[in-house]
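The values are calculated or read from the model by the stated rules, or taken from the named source; none is laboratory data. Here the structure is a predicted model, which means the values were calculated and not measured. Ideal geometry is used to build each Cβ from the backbone, glycine not excepted, and the neighbour counts take in all protein chains shown. We work out accessible area using only protein heavy atoms, side chains counted, and drop any ligands, DNA or RNA first. Shrake-Rupley method; radii C 1.70, N 1.55, O 1.52, S 1.80 Å.
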Amino acid sequence: MRIDLHTHSDRSDGTTAPADLVAHARVLGVDVLALTDHDTTEGWDEAATAARRAGVRLVPGIEISCRFAGHGAHLLAYLPDPTYPPLVEELDRILEGRRSRLPATLDKLRRLGIDLAADDVRRAAGSAVAMGRPHVADALVTKGVVRNRKEAFDSFLRTGGPAYVDRYAAELVAMVRTVSAAGGVSVLAHPWASRHHHAALDRAGLARLADAGLAGVEVDHQDHDPATREALRGLAGDLDLVVTGSSDYHGAGKLDHELGCNTTARDCYDRLVDLARAAAAASGRSAPAVVGA
Ligand code: AMP
Ligand code: ZN
Ligand code: FE
Ligand code: FE
């Protein structure tokens, strides 16, 4: 069974529509697919309809922009009730932070001699609800300023880069609790990726998150080298955290991240689904189930 628990559609910064993502999973022999767009559940319904037709299991999820000890961290939330008010409020705040960042980014680019209009970025964002730096990057590609997203990040948009602007993110420990209260389970995405400052996400940091209810950590991810994966796998074992693996597929938006390039073991997936079921029962909320299971 091939299980990929972290993918993006064009409702955030992937380039594939949710239904096409499911179709692509089927072609590649991915049996279980989680849709985890940044900060939005917008793609869930379209993906669910496609999954029922294609015979692919779909795990509805969100990759939530968080902050821990002053640095960005991404939290994968699986199967939460998307109508739980504290979750809705936080996602709205994050999406508003994404929108209000754009003018400041464009100002910085202008000062660097690059005249990009908000409409150029909106056009590049297409059907995305979660607008972000990748769409600014796409607009820069269209304008011929850079050749691809990577070049746009390296030259301008990377964290701390010349056109970087910070934005609102949810407090990580509080968000782990919110996801549980919404009847879902949370997995920390790529905690030791070099792009994310992970000094605070050490043994003590992960133990604190586990105490708050974190269910797992994403170990097998493109941004973790083999030594990093082994160290993190060992730590996850010590803390009794579920280990996941996934592609973080973004369509044409990220190279060498084909769907299913990293996968999650069956027993780890089963444990997550069991934990979600228990969280849903404890929360008393009607959280979604895996589609097609
Ligand atoms: P934002 O959500 O606007 O803060 O932009 C961050 C997103 O950009 C990340 O979640 C990645 O999906 C993407 N990203 C970050 N670095 C790169 C890169 N070097 N090349 C392509 N995409 C990137
Ligand atoms: Zn992304
Ligand atoms: Fe991420
Ligand atoms: Fe991601």
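What is the list of residues in the stretch 80-108 whose amide nitrogen lies under 13 Å from a point 7 angstrom out from the Cα of ARG67, following Cα to Cβ? Only 94, 97-98 pass the distance filter.
Shown for the chain: the carbon plus sulfur share of the solvent-accessible area, taken with all protein chains present and a 1.4 angstrom probe, equals 50%. Starting from the Cα gyration tensor of the stretch 223-285, take the square roots of the eigenvalues, sort them a ≥ b ≥ c, and report rounded, prolate or oblate (rounded when a/c is under 1.5, otherwise prolate if a/b is larger than b/c, else oblate). Here the stretch 223-285 falls in the oblate category. In sequence order, the stretch 11-19 has phi-based couplings of 7, 10, 10, x, 10, 10, 5, x, 5 Hz under the Karplus curve 6.51 cos²θ - 1.76 cosθ + 1.60, θ = phi - 60°, and Gly or Pro positions carry x.
Distant-in-sequence amide contacts of ARG67, defined by a placed amide H-H separation under 5 Å and a gap of 5 or more residues or a different chain, comprise ALA73, ALA170, GLU171, LEU172.
Please work out the Cα center distance from the stretch 1-66 to the stretch 192-250, rounded to the nearest Å. First find each Cα centre; the distance between them is then 22 Å.
For the stretch 233-244, backbone phi angles converted through the Karplus equation (6.51, -1.76, 1.60; θ = phi - 60°) give residue-by-residue couplings of 4, x, 5, 4, x, 4, 8, 6, 9, 5, 9, 10 Hz, Gly and Pro being listed as x. Rounded to the nearest 10 degrees, the inclination of helix 203-212 to the longest alpha-carbon principal axis of the chain is 70 degrees. Scaled against 2.2 N^0.38 Å for its residue count N, the alpha carbon radius of gyration of the stretch 56-211 is 1.13. Would you mind working out the magnitude of the charge dipole of the stretch 1-160 relative to its Cα centre, with +1 at each Lys and Arg C-beta and -1 at each Asp and Glu C-beta, to the nearest 20 Debye? Using Cβ point charges on Lys, Arg, Asp and Glu, the stretch 1-160 gives about 500 debye. Placing a pseudo-label 7 Å from each Cα along the Cα-to-Cβ vector at ALA118 and ARG177 gives an inter-label distance of 3.6 nm.
Take the Cβ atoms of ARG52 and GLN222, set R0 to 30 Å, and the FRET efficiency comes out at 0.50. Listed by chain and number, the aspartates and glutamates placed with their C-alpha closer than 18 angstrom to that of LYS143 are ASP107, ASP115, ASP119, ASP120, GLU151, ASP154; residues fewer than eight positions away on the same chain are left out.
The amide H of THR244, built 1.01 Å from its N in the peptide plane, has VAL217, GLU218, VAL219, ASP220 as neighbours under 5 Å, considering only residues 5 or more places off or on other chains. Magnitude of the charge dipole for the chain, about its Cα centre and with charges confined to Cβ atoms of Lys, Arg (+1) and Asp, Glu (-1), is about 440 debye.
Projecting the Cα atoms of LEU255, ALA210, LEU235 onto the dipole axis of the chain, where Lys and Arg carry +1 and Asp and Glu carry -1 at the beta carbon, places LEU255 farthest toward the positive end. When Rg and Dmax are taken over the Cα atoms of the stretch 170-293, they come to 14.7, 41 Å. Taking the square roots of 5 times each eigenvalue of the Cα gyration tensor of the chain, largest first, gives ellipsoid semi-axes of 29, 21, 19 Å. In the context of the full set of protein chains, the stretch 69-115 has a per residue accessible area of 48 Å² (1.4 Å probe).
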